[in-house]
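*Asks:* Sharing a structure, written as structure tokens. Questions coming.
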Amino acid sequence: FFKSPLEQSRAPAKTAPRIIPTTQRKEETAMIEQDTIKLLRECDAGIKMGVTSIDDVLPHTHSEKLQKTLTKCKDEHEQLQSQVQELLGKYKDEGKNPNPIAKGMSWMKTKVMLMMHENDATIADLMSDGAAMGVKSLAKYLNQYKAADRDSKNIAKKIIELEESLIKDIQPYL
């Protein structure tokens, strides 16, 4: 059956399946892997920083409820840490430690503030500031490493949720 040129132009065009060249697929895979590792490394460093900060203030808490809140948060951080380590292990990466300067400044601020005012309000203030910085940093890294895989993005989002929850839970102590 013959179709006129007008009828042919009205017929839906058949499109060939899009074939992605092998080199392009390899580049995309490499980009996903690089962003995944970078995001996981930042999660690793952030969790380590959070756990260290909690360890620094726990001995100074006066309220049993605040102590339990911080201990629970630390435990949840450590659970996420094991998930991060497991994923990093798949890429044969050892993770990342927090920036030594940031860690040192945090330790110094904690010691000075607790020397001046060793109370639960000071601890809540320090932990709120630290958690807010963690949220900000991880949100930045989520935006920066857009090609990271779903699992690593989900872990970063869980850490952000954990930090936001801590901020809310310790507000009564401010």
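*Asks:* Suppose we filter I170, I159 for residues that are touching a residue at least 60 places away in the same chain (Cβ under 8 Å), over 19 Å from L39 (Cα atoms) and outside any loop (DSSP other than H, G, I, E, B); which single one remains? Talk me through it step by step, then tell me what you get.
*Replies:* Numbers: I159 fails: over 19 Å from L39 (Cα atoms).
Every option except I170 fails the conditions.
*Asks:* Is there any pair with a first residue in segment 70-84 that is among the charged types (D, E, K, R) and a second that is in a helix (DSSP H, G or I) whose Cβ atoms are under 6 Å apart and which are 6 or more apart or on different chains, and what are they?
*Replies:* From segment 70-84, the pairs are K74/V51; K74/I54; E76/L162.
*Asks:* What are the residues in segment 119-160 that are of a type in the set (D, E, K, R) and surrounded by 13 or more Cβ atoms within 10 Å (Cβ to Cβ), if any?
*Replies:* First, the residues of segment 119-160 that are of a type in the set (D, E, K, R): 120, 125, 129, 136, 140, 146, 149-151, 153, 157-158.
The answer is D120, D125, D129, D149, D151, K153, K157, K158.
*Asks:* Counting just the residues of segment 103-156 that are in contact with a Lys or Arg (Cβ under 9 Å, 6 or more places away or on another chain) and farther than 11 Å from L39 by Cα, which one comes out modelled with the lowest pLDDT?
*Replies:* Within segment 103-156, the match that is modelled with the lowest pLDDT is K103.
*Asks:* When you scan segment 102-121, how many residues do you find that are touching a Leu at 6+ places or on another chain (Cβ under 8 Å) and either without any contact (Cβ under 8 Å) to a residue 24 or more places away in the chain or not in a helix (DSSP H, G or I) (or both)?
*Replies:* The number of residues fulfilling the criteria is 2.
*Asks:* Inside segment 38-64, can you point out the residues that are out of contact with any His (no Cβ under 7 Å at 6 or more places or on another chain), in a helix (DSSP H, G or I) and in contact (Cβ under 8 Å) with a residue 60 or more places away in the chain? Walk me through it before giving the result.
*Replies:* Let us first name the residues in segment 38-64 that are out of contact with any His (no Cβ under 7 Å at 6 or more places or on another chain), namely 38-46, 48-49, 52-64.
Filter once more, keeping what is in a helix (DSSP H, G or I): 38-46, 48-49, 52-60, 64.
Once the filter is applied, which keeps residues that are out of contact with any His (no Cβ under 7 Å at 6 or more places or on another chain), in a helix (DSSP H, G or I) and in contact (Cβ under 8 Å) with a residue 60 or more places away in the chain, segment 38-64 yields K38, L39, L40, E42, C43, G46, M49, S53, I54, V57, H60.
*Asks:* If you don't mind, there's one more thing I want to ask. Return the residue satisfying two criteria in turn: it lies in segment 23-66 and is among the polar types (S, T, N, Q) and open to solvent by 80 Å² or more (accessible area, probe 1.4 Å), and of such residues it is modelled with the highest pLDDT. So that I can check it myself, show each step before the final result.
*Replies:* Step one: filter segment 23-66 for residues among the polar types (S, T, N, Q), giving 23-24, 29, 34, 36, 52-53, 61, 63.
So of that shortlist, the ones also open to solvent by 80 Å² or more (accessible area, probe 1.4 Å) come out as 23, 29, 34.
Details: T23: 57, T29: 67, Q34: 93.
Ranking the candidates gives Q34 first.
*Asks:* Something else now. Could you grab me the full set of residues in segment 89-101 that are open to solvent by 50 Å² or more (accessible area, probe 1.4 Å) and either small (G, A, S) or part of a helix (DSSP H, G or I) (or both)?
*Replies:* Passing the criteria: K90, P100, I101.
*Asks:* Separate question: Given the condition over 18 Å from L166 (Cα atoms) and out of contact with any helix residue (DSSP H, G or I) (no Cβ under 7 Å at 6 or more places or on another chain), answer yes or no: does some residue in segment 61-81 qualify? If you could, list the steps in order and put the result at the bottom.
*Replies:* Our first condition is that a residue be over 18 Å from L166 (Cα atoms); within segment 61-81, this holds for none.
For segment 61-81, residues over 18 Å from L166 (Cα atoms) and out of contact with any helix residue (DSSP H, G or I) (no Cβ under 7 Å at 6 or more places or on another chain): absent.
The values are calculated or read from the model by the stated rules, or taken from the named source; none is laboratory data. Here the structure is a predicted model, which means the values were calculated and not measured. All Cβ positions, glycine included, derive from the backbone under ideal geometry; neighbour counts span all protein chains shown. These accessible areas exclude ligands, DNA and RNA; they are computed on the full protein's heavy atoms, side chains included. Shrake-Rupley method; radii C 1.70, N 1.55, O 1.52, S 1.80 Å.
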